[in-house]
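Laboratory data are not the source of any read-out in this text; all were calculated from the coordinates shown. Here the structure is a predicted model, which means the values were calculated and not measured. Don't worry about glycine lacking a Cβ; one is built from the backbone with ideal geometry, like all the others, and counts go over all protein chains shown.
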Amino acid sequence: MKGNQKLISVMNELLADELTAINQYMVHSEMCDDWGYEKLHKNFEGRAIDEMKHAEKLIGRILFLEGIPVVSSLGKISIGSDVPKQLANDHAAELDAIKAYNDAIKLAGEVGDYATREILEGILGDEDKHLDKIEEMKDQIEQMSLQIFLTTQVG
């Protein structure tokens, strides 16, 4: 099925964002593993896997729409040197993702591609959950101090 070229282009931009997020979250995950924060390691790793699934969905839909998935483009990867910086960088990435998905959903509706819109809405729901979890951890750090929070993230 031949898809709308503008929507395919936007989906390739979303794909680049997802591929960037995978890299950022995997590095954060491995840093936390190296520091002994097993729970944070698993949290970041799980988020990276979610982003991989999003990339897979986008690739599949782009191909279905007879587009060419661009997997060679990445955005700026923002690696945090400590846990608060990691969470701040991830928070910013999720806010950007939510805005981008909302814009893409609007475009999909405008061009009458409701199946693509539904796929994008599903991914948006996951991004909302990611943002909520990051905000939860940032709130915990604020309420209990960084040191106490980190003690809850060991093994």
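Going toward the positive end of the dipole of the range 5-151, with +1 on Lys and Arg Cβ and -1 on Asp and Glu Cβ, which of VAL111, ILE59, TYR37 do you reach last? The residue sitting most towards the positive pole is VAL111. Taking the number of Cβ atoms within 10 Å of each Cβ as an exposure proxy, the fewest-first ranking of LEU95, LEU58 is LEU95, LEU58. Compute the relative contact order of the chain as a whole-number percentage, counting only Cα pairs closer than 8 Å that sit 6 or more residues apart in sequence. So the answer I get is 30 percent.
Of all the options GLU121, GLU45, GLU94, the one that moves most in a Gaussian network model of the chain with Cα springs shorter than 10 angstrom is GLU121.
Give me the dipole magnitude in Debye, nearest 20, for the chain about the Cα centre, with unit charges on the beta carbon: positive for Lys and Arg, negative for Asp and Glu.
Magnitude of the dipole: close to 340 debye.
The angle between the Cα long axis of helix 114-144 and the longest principal axis of the Cα atoms of the chain comes to about 10 degrees, rounded to the nearest 10.
In summary, the range 5-151 shows an alpha-carbon radius of gyration equal to 1.11 times the 2.2 N^0.38 Å reference for compact globular proteins. Reported value for the range 1-77: 64 Å³ per residue, from the convex hull of its C-alpha atoms.
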